[in-house]
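What follows is one structure encoded as structure tokens, with my remarks underneath.
The values are calculated or read from the model by the stated rules, or taken from the named source; none is laboratory data. Small disclaimer: the values here were computed from a predicted structure and weren't measured. So basically every Cβ, Gly included, is an ideal-geometry build from the backbone, and we count neighbours across all protein chains shown.
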There are 2 protein chains.
Amino acid sequence: MRTLDARAGAASLGLDDVQDLWKRLAAARTAIAADDDAVLREQVALSAIAAPTGSESARGAHVASRFHALGLRDVHVDAVGNVLGVRRGAEDEPPVVVCAHLDTVFPEEADVSVRRSGARLDGPGIVDNARGLAGMLALARAIDGEALRTRRPVLFVATVGEEGGGDLRGAKHLFANLERTPACCIALDGAGDDRIVYRALGARRFRITYRGAGGHSWASYGVPNPIHAAGAAAARLASLPLPRHPRTTLSVCRIGGGISVNAIPEDAWLEVDLRSSSGEVLAGCVADIRAAVHSAAREESVRRAPGTEPLSYDIAMIGDRPCGATSDHHPLVRIASEATRLIGRSPELVTASTDANVPISLGIPAIAIGAGGRGGGVHTPGEWYENVDGSLGLARALTIVVAAAK
Amino acid sequence: MRTLDARAGAASLGLDDVQDLWKRLAAARTAIAADDDAVLREQVALSAIAAPTGSESARGAHVASRFHALGLRDVHVDAVGNVLGVRRGAEDEPPVVVCAHLDTVFPEEADVSVRRSGARLDGPGIVDNARGLAGMLALARAIDGEALRTRRPVLFVATVGEEGGGDLRGAKHLFANLERTPACCIALDGAGDDRIVYRALGARRFRITYRGAGGHSWASYGVPNPIHAAGAAAARLASLPLPRHPRTTLSVCRIGGGISVNAIPEDAWLEVDLRSSSGEVLAGCVADIRAAVHSAAREESVRRAPGTEPLSYDIAMIGDRPCGATSDHHPLVRIASEATRLIGRSPELVTASTDANVPISLGIPAIAIGAGGRGGGVHTPGEWYENVDGSLGLARALTIVVAAAK
């Protein structure tokens, strides 16, 4: 098998080579299968440490202690809370980054205890991303630098701020501060063993606030009403034309304003979620959003009574997830597809928003994959994991990482 | 002075008669002026008893004890919490109703203590309606049934539920349950001594809720978005044409919906405040509101993805304040105007929403007037009262009530 220079993007990789590697990893695969229950216990332990976006330090400390115990080098927590550890390679080459996010969508006060019954685990965050984290630790154990050593270093990173308002904060900081541009990145996110996220779904999120003088709904009638403008903005945004290819979505997901049924409020606001895998489309839609927001303010302000002030507004960007794609012909995607077939599954190339968005947007080949097993109810209190062929999914992930780092 | 049959509406009343009555009330006016400080103390005591709309019983009990102490007959609390007491008249005639509302717009936890410095009182509710209640008690003291006796009985009522969501609940119950149709009604509301509310500003208030399946803003995109419909409804309502005469207002005063920036919510809602003194205009606007709400649901639903359900919606009426007017030629209005002039003020005939809305809508002549003095910051924590000519304002109110009950 030839060295994969993932950055080159054009290096051809014989699929026979992946099959060959798969065979040579037999001992490592056997060890992972034997570790199956230990991985589940790790998954349970991680899931039971609350890690809301922005408060990942306790879970991060747990991962750091495991990195130390596994003998990774340069284990440290960076300025934003990412936990890093390196498994050195045979050569001083740009590393392969393997990452899994620490944070969950659940608030501090949520009950994150896990109920285990056999191969079934119930608990918020048990899949997303306790499975990804436990899977990353399993890979760090398997690639021990002795029995299994790669040419490139493998940089393992538990990232903060992947979910919602975290806005990929950990991955953004990581890739902005690495000394060397990595060869590629593989993000472990949730369960599953067939999907390969190769397109990065970008997002722009805005909070738009309209402000006016407010007043009594009868006595002060005629002052422009921020709710009327917010409503008009929502209506205009809802009717913006969006391309079908690439699929692009725009939703007003939150709206609010007003303190009583007989008062014109001083402000009203809405939050907008825009998604596309095309940066060009996102940029065009952002311009349309700004125009719609302005028109809505103007529409309400021109109706105002003489002597009253027009509405003001501001548009705050509250989310910015970069986009892009790793070519489906890229060796990394082809390796991942072949490894998926080797465990008897059909690879499914999909678009999603993960830590991989950041390297993809920077031109670094990246994918996100599941860490094996099945799950559901992600982002709900009823989240569950079932360890169906979980170690096979990890064997797939190991094959991809080792092939990429070879 | 002729007997005023207020219900007849056409009885002519010589303004000389009011001037004559004013002179004959000299002793009562002197007594009210002498009581000035006692009235202020009563106002402070009433204001310091929390009485949010729906929780007026403590303040009501205080008023009932005063009614007893003043020797009113048939003192009782009715089914909704109104406190009633009668001063018998010389004849068994339909009564004149004098009312003042108990409730305030302030929540239970608000600090309703009063700071007094001389003739200035500071405290939420000190004007609206501690002044009206204290004024009503002063009138019940002055019309003692002996030194000052009217031909008609005077029914004094402290009402519940006048403010906001109370929706004139007390007055509605009162006038729906009186044994005899009263001759007329005089509501004491707040401070002041020149305004005469003779037109009842009607209101209809609606809470409109849109509902859909909801879902993830990317994965479930295509399900109709209740916020988009609520926004479109607000925009349509904001642009409905409204008559200038009679002045009519329509405001969306509250809007809400959504739980996170990356989820299409299952519901969104808005609250609408519609006001006019014309019942016909109100009815027309209500039809327009229903049409706009329907169109907004349809507009969003037609955009939905195949296989998804259209939005549903409902329109709940959360407020219904009846409207109408007492003719400005009606003796009650002419008496009130003349009494205003007798204290050296210029009568100002205005439109407002008060307890008087209810009798007016039932064809019972009614007005609302202030109970003297000056105030400001009504409905805010900074509400204040200054006892400028307060007893003169009460003398005006006494003159109006005695003239109406004579």
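Do we have any residue at all in the stretch A:254-263 that's farther than 22 Å from A:Ala213 by Cα, at pLDDT 95 or above, under 26 Å from the mean Cα position of the chain (by Cα) and within 13 Å of chain B (Cβ to nearest Cβ)? The answer is yes, given that some residue of the stretch A:254-263 is farther than 22 Å from A:Ala213 by Cα, at pLDDT 95 or above, under 26 Å from the mean Cα position of the chain (by Cα) and within 13 Å of chain B (Cβ to nearest Cβ).
Strands (runs of 3 or more DSSP E) wholly in the stretch A:234-328 with at least 1 residues that are in contact with a Cys (Cβ under 7 Å, 6 or more places away or on another chain) and within 30 Å of A:Ile364 (Cα to Cα) - which ones? Even if it seems obvious, please write down each step before you answer.
On the way: elements: A:248-257, A:267-276, A:312-321.
Once the strands (runs of 3 or more DSSP E) in the stretch A:234-328 are filtered for at least 1 residues that are in contact with a Cys (Cβ under 7 Å, 6 or more places away or on another chain) and within 30 Å of A:Ile364 (Cα to Cα), what remains is A:248-257, A:267-276.
Here B:Ser220 does not fit the description of being out of contact with any Pro (no Cβ under 8 Å at 6 or more places or on another chain), within 16 Å of A:Glu271 (Cα to Cα) and either modelled with pLDDT under 95 or more than 8 Å from chain A (Cβ to nearest Cβ) (or both). Among the strands (runs of 3 or more DSSP E) confined to the stretch A:4-123, the ones with at least 2 residues that are within 23 Å of the chain's Cα centre (by Cα) are located at A:73-77, A:83-87, A:96-101, A:120-122.
Check whether at least one residue in the stretch B:239-253 is at the interface with chain A (Cβ under 9 Å from one of its Cβ atoms) and modelled with pLDDT under 95, and report yes or no. Yes - at least one qualifying residue is present in the stretch B:239-253. Only residues that are touching a residue at least 24 places away in the same chain (Cβ under 8 Å), over 18 Å from A:Arg205 (Cβ atoms) and not aliphatic (A, V, I, L, M) were counted in the stretch A:279-305, giving 6.
Hey, among the residues in the stretch A:151-185 that are within 29 Å of B:Val261 (Cβ to Cβ) and in a strand (DSSP E or B), which one's nearest to the other protein chains (Cβ to nearest Cβ)? My answer is A:Thr159.
Selection of first residues in the stretch B:54-74 that are over 16 Å from B:Arg41 (Cα atoms) and of second residues that are surrounded by fewer than 15 Cβ atoms within 10 Å (Cβ to Cβ), restricted to Cβ pairs under 7 Å at least 6 apart or on distinct chains, gives the following pairs, ordered by first then second residue: B:Ser55/B:Glu108. Checking each residue in the stretch B:282-312 for being away from every other protein chain (no Cβ under 14 Å) and either of a type outside the set (Ser, Thr, Tyr) or surrounded by 21 or more Cβ atoms within 10 Å (Cβ to Cβ) (or both) picks out B:Ala283, B:Gly284, B:Val286, B:Ala287, B:Asp288, B:Arg290, B:Ala291, B:His294, B:Gly307, B:Glu309, B:Pro310. Within this structure, B:Arg24 passes the test of being under 15 Å from B:Leu398 (Cβ atoms) and surrounded by fewer than 16 Cβ atoms within 10 Å (Cβ to Cβ). Screening B:Ser278 on (1) more than 10 Å from chain A (Cβ to nearest Cβ); (2) of a type in the set (Ser, Thr, Tyr); (3) touching a helix residue (DSSP H, G or I) at 6+ places or on another chain (Cβ under 8 Å) shows it passes everything except condition (3). Based on what the data block shows, is A:Asp267 among the charged types (D, E, K, R), more than 10 Å from every other protein chain (Cβ to nearest Cβ), buried (at least 23 other Cβ atoms within 10 Å of the Cβ) and more than 19 Å from B:Pro226 (Cα to Cα)? Judged against the criteria, A:Asp267 is not a match. Within the stretch A:339-359, if we keep just the residues that are crowded, with 24+ Cβ neighbours inside 10 Å and in a helix (DSSP H, G or I), the residue that is farthest from the other protein chains (Cβ to nearest Cβ) turns out to be A:Ala339. Restricting B:Asp389, B:Asp314, B:Asp355 to those that are within 30 Å of A:Gly231 (Cα to Cα) and not hydroxyl-bearing (Ser, Thr, Tyr) reduces the list to B:Asp314.
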